[in-house]
Each structure stands twice: as structure tokens, then as C-alpha cells.
Amino acid sequence: MLQDKFEITDEDIIRAGKIFFPNGGTFSDPNNERVSFIKCLDKNLHVQACPGSGKTTALLAKLYLLSEKMPFENNKGICVLTHTNVAIDIIKQKLGDKANKLLSYPNFFGTIQSFVDKYLAIPFYTKMYGYKPKFIDNEFFFNKLTSHKRFENNNWLKNNKGQHSNIFEFLMQEVQMLLQKENFEIHLDKLKNKSRSTFKDINNTFQIIWNDGYLRFIDAFYIAKIYLNENQNLKNIFSSRFKYVFIDEAQDTSAIQKEIIEGLFNENVIIQWIGDINQAIMNDNFSESAWKPEENKSYHVLEITDSKRISQPIADVIKTVAVKSYPTLNGIQGINLKPIIILFDNNNISQVLQKFAELLINKRINFNNEEKSLWEISKITGNPIKAVGWVGKDKDNGLSIPSYFKDFYKVSTTKRKQYFPNLYTMYELSKNLNPKEFKDRVINCILESLYISDITYNDKKITKTSFYEFVSLTNENFLTELNTQIVKFYCGQESFDNFSGYVIGLFEDNLNLQLNESSKKYLSEKVLMEVKQEQAENNNIFKHNHNGTEISFQIATVHSVKGETHMATLYLDTKFYKNSIHYILDQLKGNVYNEQGNDDRKEKALRIAHVAFSRPTHLLCIAVERNLLNVENLSTDKFEIIDLCTD
């Protein structure tokens, strides 16, 4: 029966709670905020949710309950746009076969990139050229671009690349795409004179690569904008397809993404954005978050201010260490460990990680009616312990993560790698993804198998880029063949056993790489395993023996741990023009940030600190240079102070 008027009841929410919290737990909170969100079906919303609020779980429960009400009138569907595939993996694991209805037509459940690729960029590109693009992928485009060696000697590019590491990175990031006289053409803010030879050279090169079927991720959005402008009827078409649109992790939405989403749907569609503006750090390098959770004639604002992750002492700190402060922020009661500030100077900076490790043993609380150390609780709960900093790159004249841990190796987090315990688990959980996302996951599994066998390239851990380089230098046909096999694997034309055997054979027979038995098992065993929603540990591990107990924890960038839950977190102060703590001193004292100040660097620092400070359930530590902080200005009701300079 087609349905248009319906509601989600308290009984529905209780039933969903049993699915999403099988070990106990509910969606209720002191102000009934989660329940209000799940029940709201008739309003456009901006949901501003605090860290650890369970916003994604509440969204998934709402989606599950909505799917039970389907089919809707005129067979309309639900459109769910995300920035990663984590939500898709969670709903598959929680719902099993019941997820199929939500993941099937007329619904769409995927990343904004995959939505734009499928429905806008590929159709318009095909209309322009008469064939589909081969790849929408930055790395493939970059490899094509760097083959044009003449750019390396171009003086204009050398003088105008600015902060970019090289001229090719400059071109990748700064070149925009326009439609001029039925042809794609470049636009470059720094080079508006089209008669200059450099403009013509760049334009011709990009046109050749585009014509060959290669697009950058951002090109898909440029094409989508062009398509929307060219065809005003698209808004009506998409509005007749979807009744509801939900955008998860809304704070990571860029301006062009937001413009496209808003241009696709009319007033007949209910649109709800769910995120935390204080955690808008993923566009940190190139563009600011375009999402602003503000009340207006089109949108209502709903706040979720009850955290299921952080303790009340941590909540009392982060409610002002934020661009958008919380008048009240409810944390978990019963955990009364004050956040700790560890003061250091140049003579004892090497002791910071060691002191943090010792605190993990010395700080003890009641857990399940027994007194245990934080280290023991971490082992029981599985919540990790990490030390994180903003700046991972070594600096000559300022603090960075290597200042505390000299062997730090920065892992790229622009696109967070989803870790899978084996290739088969990835395959089973990724069948509904688009080809690009599926290929990325396959390559990540291939890289993981190389890592397990300690195989390196030029004495460094193999990355996606260096893997492509290595295979191409050995035999370029091998890379073409691998991509063909991945496509067949995705389409079901190649069985799991055959694909697994092909990859192992490629390594050992063609590339002369010897895999150990663990790597072969990772690639070949057909066992579906549980996926932990965090990245696999890398080699950035600090180890310390304290009174006979071996303690170890990961060192990472703040960007790489976004979305994670820790037992304890140490925030390492690093330099972003100034020491990051300098920007947030007033907020550490409990003063609310005035958003009207429009201080870009301060807002970046507040967001970074907010993400870092809101990871731990139990203990937050902050490493601060001694001469930067007058401890007398900090409330000892809020903080414990440890001064390594006087210990």
C-alpha cells in the first residue's frame, strides 16, 4: 500500500533500539533530543549534534524505520548522502538482509561524490563526448598530468605555485572547469589572460586529458554545476524521485557540494542536514565548510547536546573550546577524571609521551565494580589510546608531531582508508558501491597485503601512488590488466577465488614480490569478519615499560582520528603560524568565542582542538609549552596541572 501520511512512534523507536543496541541502550536522553530527530518527518532540519551524540546511529535508525513505511506515494525514495562509506558498512552489519530494501531502488545511499558521478557528471560527460569517462580519480589524472614534462620549466608556474609542493599539485588544486562554446575550458584565478601561451598550454593539456576520459574528483562537481545550469528541469526530475534527503557529516560539505545539493531539490522534498559545525576540519586545507546550522525561513535547528562518549569533566572543557559553544553539554556521569595539562620546555619535551604512558597506569577508577587502571580498561573495552597533533610535518622553527616522536610517519588522511580484516570481507561489504569506491577498497586491500609482508618501495611503505609507479615501471600492461580484473571482479564476471589467485600470481610471478603466508591468507581466505570502525594501526607506535607493564599507543594526526572513540587522548601542541594552544587559551579559561570576530586561524585551531579533545571517554591530556601558559589563569576545578619542568 502506498503511504504518504505516517509517523514514527515511540514503539517503533524502542524496537529500533533493540537492533542498534543489542547489548542494551536506548535513543532516549534527558531532553529527548534524539527521539525528536528520529520522529521529525515533516520539516527541513539542521541537526547540530555534539561529539559522541550518536547522531549517525540515530539517523540509521530513522532510515530503517522509514524504509518499513515504504513504498511512499508515487514510489518516491530516500536519498542519503555521506562523505565516507562508514555509515553504509554499519547499516549492513546491523541490519543484514533487512538493509537491502534501504540500499535498493528507489533509494540512494552513498557518498556525495558517487551520487554526483552517477547522476550528473557521467551523463553530461557522455552527452558531450559520446562516450563515458574512463576514470574519475585524482591519482590517474595526476599521473597523466605529470607526463607533460614541459610544465617543469615554465617560469610562470614556478613563480605562482605558492604554498603547493610543486607545479603539478598547484594545477591539480587551482584549475577549475568551465563550459565555453560547447567545450570544457580551464579557469585559473591567477591567469585570466587567455592569450598568454601558458594559459593556452595548460588549457590544451587539460582538454587532452579530459578528452581521453580522465577526470579529477572536483571535475565531476564542475560538470554537475554546468549540467544543472544547462537543464533547469533536473530539479523537478530529482524532486519527483526522492521524498527525503539526508546529509550525514554535514560539516564536511564544501561550497560546490552544497550548491549542487540545494540546486537538485525543490520545496516538496524534506531535506535534513546532520553534523557538528565544531568538527569541520576535513576541508581544512582547501575550502571551508559551507554548512551553517542556522534557523531561517526554510530550516529549523535541532540540537543534540547529550554525549554518550565523553565524561562530564571533558564536556565542561570542550563546551567553550568550540567555534559554536554549548550553553550546556551533558557528558557521562560517574567518570570524574579532570583533564590534565602537561607543561614542558625544550629540555624535557622528550618526556611528554612517557608521562602520558605513566598516567595510564597510575590513574585508576571504578570499572564494573572493580578498581582498574585506564590501561586495563582500554584493553577490556577495545577503545584505543592515542596521542594526536595538528601538524605532522617536521618543522625547523616550531613544534610538530616529530618534536615529540622523531620517527613519526604521516599517513595521508585526505581520503581516510577503510581497514578490512581480509579481502573477502571487503568484497562482501562493498557490492553496492560504485566502481570507483570498489576499486579504491580493492587497492587498499592489496596495499595491506604488501604491508603484512613488509614489502617496501624505495625503502618506504608502499602507498597507492608508489604502487602504481612500481607496477607501471615494471610493465605498464600489468596495471591495465589489474584495472580490467578489478572491473570484472566488481561486475561478477570474475569469482572471488579467481581474482584472489590473480592478485597473488601478479605479485609473485610478474612483479617478483614474495608474499608471506599471512598475506596470502589475507587475500584468499573466505571468512566474513567483523570490521572495526577505525583505521588499522600503522608504525607510529610509542612504547614504554612502566613498573613492569609494557604500554604502547599510536601517534597520529587529528585529521586521521576524526570519528574515533578513545579511552584516553593526549593532544600534542603544534605550530600553525603560532602554537595552536595560543589561539584557544581564552576558551580553555571558559570564555565563549565570539563568532563575529571572523578569525580564520583561531577558528581552525578551535575546530582541531574540539575534534581532538572530544575523542576520549575517560582521560584528556594536553601538552603545552611552559612559557605559553600562566597556570594561575586556569581553573584547578577543571584541570590538573603536571609541570615536567619542576618534577
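Coordinate-derived values only; no laboratory data. What you are looking at is a predicted structure, and each value in this text was computed from that prediction instead of being measured. Here the Cβ positions follow ideal geometry from the backbone for every residue, glycine too, while neighbour counts run over all protein chains shown.
Select from the stretch 448-499 those GluC sites (Glu not before Pro) which occupy a DSSP coil region and have at most 13 other Cβ atoms within 10 Å, ordered by residue number. List each step's numbers first, then the result.
Values: sites: Glu448, Glu469, Glu476, Glu481, Glu494; in loops: Glu494.
Listed in order of number, the matching sites amount to none.
For a quick protection proxy, order the peptides 61-71, 296-306 by their average other-Cβ count within 10 Å, most packed first.
Working: 61-71: 19.5, 296-306: 15.7.
Averaged packing, sorted descending, gives the order 61-71, 296-306.
Quick one: which residues, 5+ away or cross-chain, put their amide H under 5 Å from the amide H of His187? H built at 1.01 Å from N.
Gln176, Met177, Leu178
Using the alpha carbon gyration tensor of the chain, what are the three equivalent-ellipsoid semi-axes (square root of 5 times each eigenvalue), largest first, in whole Å? Don't skip to the answer; put the middle values down first.
Values: eigenvalues 290, 208, 153 Å².
In descending order, the three semi-axes are 38, 32, 28 Å.
Put a dot 7 Å past each Cα toward the Cβ at Asn510 and Asp599; how far apart are the dots in nm?
Simple spin-label model gives 5.6 nm for this pair.
Taking 41 Å as R0, compute the FRET efficiency from the Cβ-Cβ separation of Cys645 and Glu294 and round it to 0.05.
0.35
DSSP beta bridges in the chain, what fraction antiparallel, as a percent rounded to 5?
Within the chain, antiparallel bridges account for around 25 percent of the total.
Work out, step by step, the length gained on full extension between Arg150 and Leu585: first 0.36 nm times the residue separation, then minus their alpha carbon distance; give nm to one decimal.
151.7 nm is the gain from fully extending Arg150 to Leu585.
Please give me, ordered by residue number, the trypsin sites (Lys or Arg not before Pro) of the stretch 115-150 that lie in loop per DSSP and have at most 16 other Cβ atoms within 10 Å.
Qualifying residues, ordered by number: Lys134.
Please state the charge dipole magnitude for the chain, taken about the Cα centre, from unit charges on C-beta atoms (+1 on K and R, -1 on D and E), reported in debye and rounded to the nearest 20.
1020
Once R0 is set to 41 Å, what does the formula 1/(1 + (r/R0)^6) return for the Cβ-Cβ distance between Lys18 and Gln354, expressed as a FRET efficiency to the nearest 0.05?
0.35
Let me see the P(r) profile for the stretch 430-528: every Cα-Cα distance counted, bins of 5 Å, each bin given as a percent of all pairs.
2, 12, 23, 28, 21, 10, 3, 0
Which pairs, out of Lys464/Lys543; Lys55/Lys324; Lys338/Lys406, put more than 21 Å between their alpha-carbon atoms?
Among Lys464/Lys543; Lys55/Lys324; Lys338/Lys406, the Cα-Cα distance tops 21 Å for Lys464/Lys543; Lys338/Lys406.
Label Lys200 and Glu7 with points 7 Å out from Cα along Cα→Cβ: what is the distance between them in nm?
According to this spin-label approximation, the distance is 7.0 nm.
Which entries of Lys118/Lys431; Lys161/Lys194; Lys127/Lys225; Lys439/Lys460; Lys379/Lys521 show an alpha-carbon separation above 20 angstrom in the structure shown?
Violating the 20 Å limit, Cα to Cα: Lys439/Lys460; Lys379/Lys521.
Would you work out which of Phe499, Asn598, Phe242 lies farthest towards the positive end of the dipole of the chain, given +1 charges on the beta-carbon of Lys and Arg and -1 on that of Asp and Glu, about the Cα centre?
Of the candidates, Phe242 comes out farthest on the positive side.
Only sites in a loop by DSSP and with at most 14 other Cβ atoms within 10 Å count here; which GluC sites (Glu not before Pro) in the stretch 170-230 make the cut?
Numbers: sites: Glu174, Glu182, Glu185, Glu230; in loops: Glu182.
Listed in order of number, the matching sites are Glu182.
Once R0 is set to 30 Å, what does the formula 1/(1 + (r/R0)^6) return for the Cβ-Cβ distance between Lys372 and Lys431, expressed as a FRET efficiency to the nearest 0.05?
0.10
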